[in-house]
Amino acid sequence: MNWHGSSDAPPLARIAALTPSLQPGERRVTEAIMADRGATVERTAQELADAVGVGRTTVIRAAQSLGYEGYPQLRVALAQELALESVDTGEADGTMLGAVRAGVSRFAARLSNTAAALTEDDVQQFMSLLDRSQRVLVLANGLSGSLGIDLVLRLNSAGRPAEILMDALSQQISARQLGPDSLCVVISGSGANRSTLEGIGAAKKGGAKVVAITSFARSAVADAADVALVVPPINESFQDELIHTSRAALMLLIELLVEQFVVYRGERGREAQAAALSMLGGGILE
């Protein structure tokens, strides 16, 4: 399966989202590209194959798996991406504050990739399902749990009642009771959480639609969903994402999706938002 996100998504976003699901040889190619994008631009397919220790056809297949016609198109895209990277990410100066600042700079430099894998059709489908479903159940476990709670709170404030349960067994029971007119929204950075996958299976048995918000395009969660909203991870590799897990990009997307949902609902959305703000204003002490 090739890349199905935005056609103008940069190589960095495509590699981050797809590398974990590539064949071993193709994964070695993308990891070598990630390690030195500048050198890749200067290499032919055969030179890259020799450096990695794979056949030339593996390099070509890797480029095609990333959504390019062939390796030359990938090289051009890499050159364009490097030319556009004008943000100085800086280096940590040995202090904790310096490390924090360097991390913020790295995140900012890659922030534009957050929506690179999304398509208008997927977002529209999500809005439609969210609007017309009788019940909305959010599934989120592990480090994604706090994002699930945040989404439910934001949806309720937007006039779209939603529910979340933090116990895995309770999730499955509730998901199984969802019907064809219900929606199960799944948040999973890794796309491989066992409890979340079991919840998806229960929801689909009841006939509910499933929308996944995840970091990797060909994860088990993305494959099981009816609609997958993929947010490429900020970190450069799957291993780095596991060790230095960040949910910041997913959190940003959730906030923006709820904002668009208010717009999508028109007057209903504005009235719900006004009611929420009224309640909020009444709860603030002078």
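Can you find a residue in the range 176-184 that is closer than 19 Å to Leu250 by Cα and either touching a residue at least 40 places away in the same chain (Cβ under 8 Å) or part of a helix (DSSP H, G or I) (or both)? Yes, the range 176-184 contains a residue that is closer than 19 Å to Leu250 by Cα and either touching a residue at least 40 places away in the same chain (Cβ under 8 Å) or part of a helix (DSSP H, G or I) (or both). Screening Glu163 against (1) open to solvent by 60 Å² or more (accessible area, probe 1.4 Å); (2) modelled with pLDDT of 95 or more; (3) of a type outside the set (A, V, I, L, M); (4) more than 26 Å from Gln273 (Cβ to Cβ) leaves a single unmet condition, (4). Of all residues in the range 221-245, exactly one satisfies the criterion of being hydroxyl-bearing (Ser, Thr, Tyr) and either modelled with pLDDT of 95 or more or surrounded by fewer than 18 Cβ atoms within 10 Å (Cβ to Cβ) (or both), namely Thr245. The condition of being at pLDDT below 95, open to solvent by 50 Å² or more (accessible area, probe 1.4 Å) and over 20 Å from Thr214 (Cβ atoms) holds for Arg106. Scanning the range 101-112 for any residue that is in a helix (DSSP H, G or I), touching a Leu at 6+ places or on another chain (Cβ under 6 Å), under 30 Å from Arg160 (Cα atoms) and in contact (Cβ under 8 Å) with a residue 60 or more places away in the chain turns up nothing.
In the range 150-167, the residues that are farther than 18 Å from Met251 by Cα form Cβ pairs under 7 Å with partners that are charged (D, E, K, R) and part of a helix (DSSP H, G or I), at six or more places apart or across chains, as follows: Gly159/Arg268.
The values are calculated or read from the model by the stated rules, or taken from the named source; none is laboratory data. No experiment lies behind these values; they were computed from the predicted model shown. We place every Cβ from the backbone using ideal geometry, glycine too, and count neighbours over all the protein chains shown. Just the protein is used for accessible areas: all its heavy atoms, side chains included, with ligands, DNA and RNA removed. Shrake-Rupley method; radii C 1.70, N 1.55, O 1.52, S 1.80 Å.
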